[in-house]
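Asks: Dropping the structure in here first, questions after.
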Amino acid sequence: MTAFDMVIANGRILDGCGNPWFLGDLAIGRGRIAAIAPPGTLQGQETLDVGGRFVAPGFIDVHTHSDLSILVNRRAESAVRQGATTHVIGNCGMSPAPVNEDHLADMRHYWGRISDQPEVTWDWRTFDQYLQTLQRGGLSINVASLAGHAALRMAVMGLDDGDPTSAELDIMRGLLTEAMEAGAFGLSTGLVYPPGCFAGTDEIIALSQVASRYCGLYASHIRGERETILEAVAEAIRIGYEAGVPVQISHNAPKFGAPCDATANLRLVEEARARGQDVTVDNDVHTDLGPPLSGGLPQHIQERPVVEIAALLQDPNTRCQIREEIVLDRRPAFGPAGLLKHGQWHRITILHAPQSQGVVGKTIATIALERGQDPFDVYFDLIIVSGHDAEAIFDYIDEANIRILLQHPAVMICSDGQVLAPYGFLNDPPPYSPCSYGEFPGVLERYVRDEPVLTLEEAVRKMTSFPAQRFGLMDRGMLRPGAWADIVVFDLERIRDRATSLYPHTYPFENYPHRYPEGIDYVFVNGVLVIEGERHTGALPGQVLRHRVNAHHESGVTGNR
Ligand SMILES: [Zn+2]
């Protein structure tokens, strides 16, 4: 009997397809799963007896923003430690390629402080060059990328408001063609962020037609996830229909201010599916977000230099106008801004405010009370004093909606986080991003084990085979001979997310700064051991995955119409 490279013996094998676990051995050879057989029957040059722990496909995180942070931390610490073996990047319209020299400054500004890190060389221009940069230095996890609409638009129009001319649109289509040829998995949009929010539906349809020719998908952070959530879901579905592309609605939990609970947006998805349109959803299980306070300002102000923002807020007239604009919210701002619009100041807890004494850990409501000030004034003053460094935890999602989404068969689990590490630039200062460290363990701990909302098999399906299917990664996301050996071994009894702090918050925050989760014992990527208990092996076996279709796409694949 030939010995395999490695045998994971005596596991409770979860195949990723939703089937009940079974006891077995799993052999790895040449990066792939070589065999699966009854316990005690396979021999390896190395054997890892996991003694009844769960053996599952590595988690595929379809919604992340690791585009630049994985260049800074190629070990992908926060991701691989929670069992993620593949990240989809380029989400919410934000990909760092293509880059047009003339708008490189806009691009760098868009990505913020990380742009200045030495590892972020900005020496790529095309999408292909960026993917090569990713692969060249090695990665601990696999990465698949979408082409971001904001990047395409910025390369042609900078941060301009308004519609592109037909010549400009043609250039954008050309850039997307190039990205799809290079292996982008589709097009993403972020229709609440500048410059995505400046684009009309027709522009997105015209671009999605390009993605359609390459059998890519359309992934969208839709045009408002609160008051306009149903119209925004309908727009995404219409774009998919008109362009003939599958639709992935990103992190589709209704945010504070929505007129309905998640059953309403999911009903639109169900209706589209009943008509034969391929529409699916992803969501993460956190109720909060930790952005800069300046993110709550109207979009056309956010992109200005900090000193200009401060000057605008200092002027009593413009301050008043800005406040009015936030409340009117005519061009829907991102989710957390709903807390400003609806005066939910007790749901905004200050996380960083470098220049202000004694405000960290307090809500805007409390500070306003202490200072005898209007909460809006407190909010604006903190921005004036600390600029983009003023950050808060915005608790803007009702947990009941997270449960509804978790139970829906067309909803997969994502983090909406990014590769982080509790050391170096990525921890200076420690960002508030529980999903980046604790998404998958948190689901297993809180929604499978402690207070079951879904079964273990179903949770794992939503983390593995379902996202793999959505992105056409047909040889990942399930445990079958021949599939790539992306594997996580975990102990459900010991699983513990050490990054999430539940609302309402107590200060110091419970799990902040974040720690790695417990109970994720081994992680293999393409057959190579990356996590061994507490230890990262330093291995960089990850692959940059490229979307490939057969050559007949030039004739125009009509997609799912
Ligand atoms: Zn988003």
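The values are calculated or read from the model by the stated rules, or taken from the named source; none is laboratory data. Since the structure is predicted, the reported quantities are computational estimates derived from the model, not experimental observations. We place every Cβ from the backbone using ideal geometry, glycine too, and count neighbours over all the protein chains shown.
Asks: Scan the range 506-526 for residues that are in contact with a helix residue (DSSP H, G or I) (Cβ under 9 Å, 6 or more places away or on another chain) and over 30 Å from GLY31 (Cα atoms) and report the count.
Replies: Matching residues across the range 506-526 total 4.
Asks: May I ask you to say which residue of VAL360, VAL269 is of a type in the set (A, V, I, L, M), more than 16 Å from the ligand (Cβ to nearest atom) and in a helix (DSSP H, G or I)?
Replies: On inspection, the qualifying residue turns out to be VAL269.
Asks: Output the number of residues of the range 277-307 satisfying the condition of being touching a residue at least 12 places away in the same chain (Cβ under 8 Å), over 30 Å from TYR241 (Cβ atoms) and part of a helix (DSSP H, G or I).
Replies: The number of residues fulfilling the criteria is 8.
Asks: Please list, ordered by first then second residue, the pairs with beta carbon atoms under 9 Å, 6 or more apart or interchain, first in the range 254-274 and surrounded by 15 or more Cβ atoms within 10 Å (Cβ to Cβ) and of a type in the set (D, E, K, R), second part of a helix (DSSP H, G or I) and at pLDDT below 95.
Replies: none
Asks: Here is a list: VAL88, VAL55. Which entry is within 15 Å of the ligand (Cβ to nearest atom), of a type in the set (A, V, I, L, M) and either modelled with pLDDT under 95 or in a strand (DSSP E or B) (or both)?
Replies: The match here is VAL88.
Asks: Please specify each residue of the range 426-452 satisfying the condition of being surrounded by fewer than 18 Cβ atoms within 10 Å (Cβ to Cβ) and over 20 Å from the mean Cα position of the chain (by Cα).
Replies: ASP428, PRO429, ARG449, ASP450, GLU451, PRO452
Asks: Considering only the range 320-347, state which residues are within 13 Å of SER294 (Cα to Cα) and outside any loop (DSSP other than H, G, I, E, B).
Replies: Answer for the range 320-347, where residues must be within 13 Å of SER294 (Cα to Cα) and outside any loop (DSSP other than H, G, I, E, B): ILE322, ARG323, ILE326, ALA337, LEU340.
Asks: Check whether at least one residue in the range 216-225 is surrounded by fewer than 22 Cβ atoms within 10 Å (Cβ to Cβ) and more than 16 Å from the chain's Cα centre (by Cα), and report yes or no.
Replies: No, because not a single residue in the range 216-225 is surrounded by fewer than 22 Cβ atoms within 10 Å (Cβ to Cβ) and more than 16 Å from the chain's Cα centre (by Cα).
Asks: Further question on the same structure: Just need a number here: residues in the range 112-151 that are β-branched (Val, Ile, Thr) and either modelled with pLDDT under 95 or in a loop (DSSP other than H, G, I, E, B) (or both).
Replies: 4
Asks: Collect the residues in the range 58-85 that are under 17 Å from ALA421 (Cα atoms), within 14 Å of the ligand (Cβ to nearest atom) and either over 15 Å from the mean Cα position of the chain (by Cα) or not charged (D, E, K, R) (or both), keeping them in residue-number order.
Replies: THR64, HIS65, SER66
Asks: Sticking with this one: Hey, can you tell me all the residues within the range 127-164 that are hydroxyl-bearing (Ser, Thr, Tyr) and free of Cβ contacts under 8 Å to residues at least 60 places away in the same chain?
Replies: Across the range 127-164, the qualifying residue is only TYR130.
Asks: Can you give me the number of residues within the range 488-510 that are basic (Lys, Arg) and more than 20 Å from THR349 (Cα to Cα)?
Replies: 2
Asks: Suppose the filter is within 16 Å of the ligand (Cβ to nearest atom) and out of contact with any Ser or Thr (no Cβ under 7 Å at 6 or more places or on another chain); does ILE222 pass it?
Replies: Yes, satisfied.
Asks: Just for the range 92-111: of the residues that are in a helix (DSSP H, G or I) and touching a Gly at 6+ places or on another chain (Cβ under 7 Å), which one is farthest from the ligand (Cβ to nearest atom)?
Replies: In this case the residue turns out to be HIS103.
Asks: Of ALA167, ALA179, which residue is crowded, with 20+ Cβ neighbours inside 10 Å, more than 15 Å from the ligand (Cβ to nearest atom) and either in contact (Cβ under 8 Å) with a residue 40 or more places away in the chain or small (Gly, Ala, Ser) (or both)?
Replies: Only one candidate passes the filter, namely ALA179.
Asks: I would also like to ask the following. Is it the case that some residue within the range 184-199 is small (Gly, Ala, Ser), away from the ligand (no atom under 16 Å from the Cβ), buried (at least 24 other Cβ atoms within 10 Å of the Cβ) and within 27 Å of ARG470 (Cβ to Cβ)?
Replies: Scanning the range 184-199 turns up at least one residue that is small (Gly, Ala, Ser), away from the ligand (no atom under 16 Å from the Cβ), buried (at least 24 other Cβ atoms within 10 Å of the Cβ) and within 27 Å of ARG470 (Cβ to Cβ).
Asks: Also: Exactly one condition in (1) touching a residue at least 24 places away in the same chain (Cβ under 8 Å); (2) closer than 22 Å to ASP475 by Cα is not met by GLY40; state its number.
Replies: Among (1) touching a residue at least 24 places away in the same chain (Cβ under 8 Å); (2) closer than 22 Å to ASP475 by Cα, the lone unmet condition for GLY40 is (2).
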